[in-house]
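The values are calculated or read from the model by the stated rules, or taken from the named source; none is laboratory data. Note that the structure is predicted; figures quoted are calculated from it, not measured. Reconstructed Cβ throughout: ideal geometry from the backbone, glycine too, with neighbour counts over all protein chains shown.
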Amino acid sequence: MSDKFHQYFATDKEIYDLLMSGKQKLTETVLHELARDRGIFYSPKTSREGLVDHLALLTHDFHDVFGIIERRDHAKRGEKTTSVTLSTDLSIDEIKEVVQNYQAEVQKTEKVTSHQKGADGVVMNVEYDEYDYSRTRLIQRQRKDASIEFVSKNGVTTIRMPATEKAKAVVSNLRDKIESKKKAVIPAQEIELVGLTKAEDRTSFFTFLIANIPGYSLQTVTNLKVASGVSDQDEEAVDLDEDEDESAKQEMLAVVHSVAINGKNLVASEQYQQLRKGGFFITAITWRSKQLKEPHDMIQFDASFEDGPAGTGFKYGVRYASRLQNGDYGKNFKPVEDHAKPLLFELIEITARKVLADLTAKADADLASPNEEGGT
């Protein structure tokens, strides 16, 4: 029997732990349903603990255990996406060869498949096991997958992937194989703010990003995260407790929302200047923009840095709400269809890179100005 099935050999104690640990999904109603499937009916007054006690002592075969695990696990949340751009134009055949080399390398531990997408892309999917030993034994081992997309055009190759450690490790491995094949070090470009040391510039990155997505009109800013600690000329950042951080977040949200919607200058805001002097800057933001053309969908974008204070690990996501017949939008934002995601991701990537280039050029010019004046 395959080793992956060993996790489903369960004792009554492990069944008990499994049922007890999934309170949100394995509700009392679900527990009664599991019992009725076996022809057993418990009193509606039976406590959840009592139901779990009785069910755990029943005989469970593989399908029973697997079924409980499936019902217990939360629906997979949409993972954020990240990307890296390589300064080389890879052909479809070269990408396929690199993927096949990786597949041969990990064939015993991972399942790798791939297919061509359009004239300039390849999609690679990696299925792998992930372990979390802090969970009860039956759910320590989770089967996961990572979809990695290569898009090669305009002299560069963009690799788009889930913002997970596993996906990043796979891409790092693939990059090594590409460099080995090309017999050269290939520069890689990532979206990061390490060169922007002023809190004002860090915040401007996000405010310019949300206002300049091509083909979309900014409607509202719904949430953001702030941090403190970036050097801002001679001003020293202050240490703040959790309550102060939350207060600053709410105040920054109000300021950014007003500035973004009304087209005002952020740095002219008195409230923002107070936050800036405290060293605060945005590290993550969620906003909604309306599509300018049909079908006028409302897109909820989010962008953030995995390490906010350092400004590294840029990741992003999209959801949407379609326009109803009465002109309103649905209250719940749904996952974007797979065929539409790449275009929206590309819009975020292109806009973020342009904003970053503009801010970096401005910061370099500001840094050079005093030296030029001193030399005259």
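Tell me, please, whether a residue that is at pLDDT 85 or above and among the hydrophobic types (A, V, I, L, M, F, W, C) can be found in segment 2-12.
no
Given the conditions (1) farther than 30 Å from His339 by Cα; (2) in contact (Cβ under 8 Å) with a residue 24 or more places away in the chain; (3) part of a helix (DSSP H, G or I), report the number of the one that Lys96 does not fulfil.
It is condition (1) that Lys96 fails.
In this structure, does Glu346 turn out to be loosely packed, with under 10 Cβ neighbours inside 10 Å, modelled with pLDDT of 90 or more and in the same structural domain as Ser204 (by TED's automatic domain parsing)? Break it down stepwise before answering.
On the way: loosely packed, with under 10 Cβ neighbours inside 10 Å: no; modelled with pLDDT of 90 or more: yes; in the same structural domain as Ser204 (by TED's automatic domain parsing): yes.
Spelling it out, it is not the case that Glu346 is loosely packed, with under 10 Cβ neighbours inside 10 Å, modelled with pLDDT of 90 or more and in the same structural domain as Ser204 (by TED's automatic domain parsing).
Please go through (1) modelled with pLDDT of 90 or more; (2) assigned to a loop (DSSP other than H, G, I, E, B); (3) over 22 Å from Gln189 (Cβ atoms) for Lys331 and return the number of the only condition it doesn't satisfy.
For Lys331, the exception is condition (1).
Report yes if Lys182 is at pLDDT 95 or above, basic (Lys, Arg) and over 18 Å from the mean Cα position of the chain (by Cα), otherwise no. Walk me through how you get there before you give the answer.
On the way: at pLDDT 95 or above: no; basic (Lys, Arg): yes; over 18 Å from the mean Cα position of the chain (by Cα): yes.
Here the answer is no, as Lys182 does not meet what is asked.
Inspect segment 213-226 for any residue being closer than 22 Å to Gly313 by Cα and either outside the structural domain of Leu343 (by TED's automatic domain parsing) or modelled with pLDDT of 90 or more (or both) and give the result as yes or no.
Yes, segment 213-226 contains at least one residue that is closer than 22 Å to Gly313 by Cα and either outside the structural domain of Leu343 (by TED's automatic domain parsing) or modelled with pLDDT of 90 or more (or both).
Identify, please: which residue in segment 212-229 is polar (S, T, N, Q) and in a strand (DSSP E or B) and is, among those, nearest to Thr283 (Cα to Cα)?
The qualifying residue nearest to Thr283 (Cα to Cα) is Ser228.
Which is among the hydrophobic types (A, V, I, L, M, F, W, C), modelled with pLDDT of 95 or more and not assigned by TED's automatic domain parsing to the domain that holds Lys13, of Leu90, Leu86?
Checking each option against the conditions leaves just Leu86.
Out of the residues in segment 287-335 that are touching a residue at least 40 places away in the same chain (Cβ under 8 Å) and of a type in the set (Lys, Arg), which is farthest from Ala199 (Cα to Cα)? Before you say what the answer is, go through the steps one by one.
Quick first cut of segment 287-335, residues touching a residue at least 40 places away in the same chain (Cβ under 8 Å) only: 287-293, 298-306, 308-317, 319, 335.
Restricting the remaining residues to those that are of a type in the set (Lys, Arg) gives 288, 290, 293, 315, 319.
Values: Arg288: 24, Lys290: 29, Lys293: 35, Lys315: 20, Arg319: 29 Å.
The residue in question is Lys293.
Which one of these does Leu138 not meet: (1) modelled with pLDDT of 90 or more; (2) over 18 Å from Ile178 (Cα atoms); (3) not in a strand (DSSP E or B)?
(1)
Run Val65 past the list (1) surrounded by fewer than 18 Cβ atoms within 10 Å (Cβ to Cβ); (2) touching a residue at least 60 places away in the same chain (Cβ under 8 Å) and report the number of the one that doesn't hold.
Val65 satisfies all of (1) surrounded by fewer than 18 Cβ atoms within 10 Å (Cβ to Cβ); (2) touching a residue at least 60 places away in the same chain (Cβ under 8 Å) except (1).
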